[in-house]
Each structure stands twice: as structure tokens, then as C-alpha cells.
Amino acid sequence: MKLLTILALIATALPCLAQHDAETMLNPCETTEGMTIDTGADWPGTALEVNTDPRYITEGAASVRLSGTSPADATGNSYLCLALPIPPTDFTDGVTLRLDAATSTPDQSEALYVRGYNAAGECVLSWASWSGLLTDRMQTFELHPGMSYAGMAWEADAVEGREPRGVVKLRIYTGTHNAGQAFDIFVDNVRTGRSEVQSFQNVTKMSNACPA
């Protein structure tokens, strides 16, 4: 009887847990419609295309791939940037940005930047890494506004204190230190989620988890 009661409680709780972290699709990356190449478009051979290789798909039937070759005479870092539209979205009150990404050139695609812009073209979200986070396997990057997390550094200077509201465009970058090298990035399943993780600056009261 006790076991049946426990199972009934678990069955009741599961829908609540699912609702607590319900995800909302922003862009399924099934097509390149509305997407543009914002950096690297003028390099010969740069391409933005639909990918159907299942190794680089986490949702639906496709993902998108941005690829190019850094200039042979490059003297600094070279970047590829994918700009993709999303419905107007507020990233406040625990809303996080989640996206799945990978590369077929992990030795070259060393950088990952993700930035969000409002309808006025102002940057209101910005994270960056040069730690080689992209691998040849798709992984989910969960990005918390106002926070550095899981290797992605929050760029406070880029957002200049603006609220992450009304975001309509994301720019997703990868970059290489090397000249004359082919590199790429795959992106899929761009969505929002919810998280209990929050920036320290948003904490307004002491936790009661540890009684005196």
C-alpha cells in the first residue's frame, strides 16, 4: 500500500516538474530562411546551408551549418557569424537561452560567442569563450543572462546594463586563430528554458537552507 502511495505521488509530481522547466522553441533550424551570414560572408566559399547529417541534428530533420575558410593573409582572429531571427523574447525572471551546437573542425573552431539583440539593434545578451567548447558531437549550451556559466563568460560591457527584453535576433559566432583554415559550426534547436540558477546581483534575500 505504501509503495502504491509513493508511486501515485511521483506520477502526480512529474507533470509539475515538466511544467517547471517547459521549453519554448525559438528557431528549430530546419531551414536557413531569415538567417544571414554577418561575418565571413565575403570570404570565397563561405556557405550557410541546411544540414541533414544525423550526427549534427538533435531535433527535427535538419540543422544549419555555417562554414568558411579564414583568409590566408589573416594576422589576427577570424570569425564566422550566423544571425538568426527569433520571436520577440524576454530573458528575464529565470528564462535561459538553450541551443545545440557542434563543429566538424574542433581543432580550428576554438571560439563560441552568442549575442542577442532587441528590435533597436542593441546588444542585450552576450557570452563568449575561446576555450574550444565546440566538439564534433552536438551538445546543449545553456546560457544564463548576467552570468558566466559552464565556460561561457558573460560580457557585461557589451550589454551596457540594458535589460534582456524583446530579443529578436541572435548572433552565433565561431572563430579561429589560424590563417587559411577551413572551419564550421552546426546549430540546432534554439529554445528557451527556465532555471533556478540566477546571477548573484539578482539575489535579494538570504537563503533559509542553513538554519542558524
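The values are calculated or read from the model by the stated rules, or taken from the named source; none is laboratory data. The model shown is predicted, which means the values in this text are computed figures rather than measured ones. Ligands, DNA and RNA are excluded from the accessible area calculation, which covers all protein heavy atoms including side chains. Shrake-Rupley method; radii C 1.70, N 1.55, O 1.52, S 1.80 Å.
Restricted to Cα positions, what overall size does segment 35-108 have along the principal axes? Three whole-Å values, descending.
Each principal axis gives a Cα extent; for segment 35-108 these are 45, 29, 22 Å.
Does segment 24-151 come out rounded, prolate or oblate by the C-alpha gyration tensor, with a ≥ b ≥ c the root eigenvalues, rounded set by a/c under 1.5 and, if not, prolate when a/b is larger than b/c and oblate if not?
Rounded.
Could you give me D for segment 97-198, from Stokes-Einstein at 4 °C and 1.567 mPa s, where the hydrodynamic radius is the Kirkwood radius over C-alpha pairs? Units µm² s⁻¹, please.
D = 92 µm²/s.
What does the accessible area per residue of segment 48-99 come to in Å², with a 1.4 Å probe and no ligands, DNA or RNA counted?
Spelled out: the 1.4 Å probe surface of segment 48-99, per residue, equals 43 Å².
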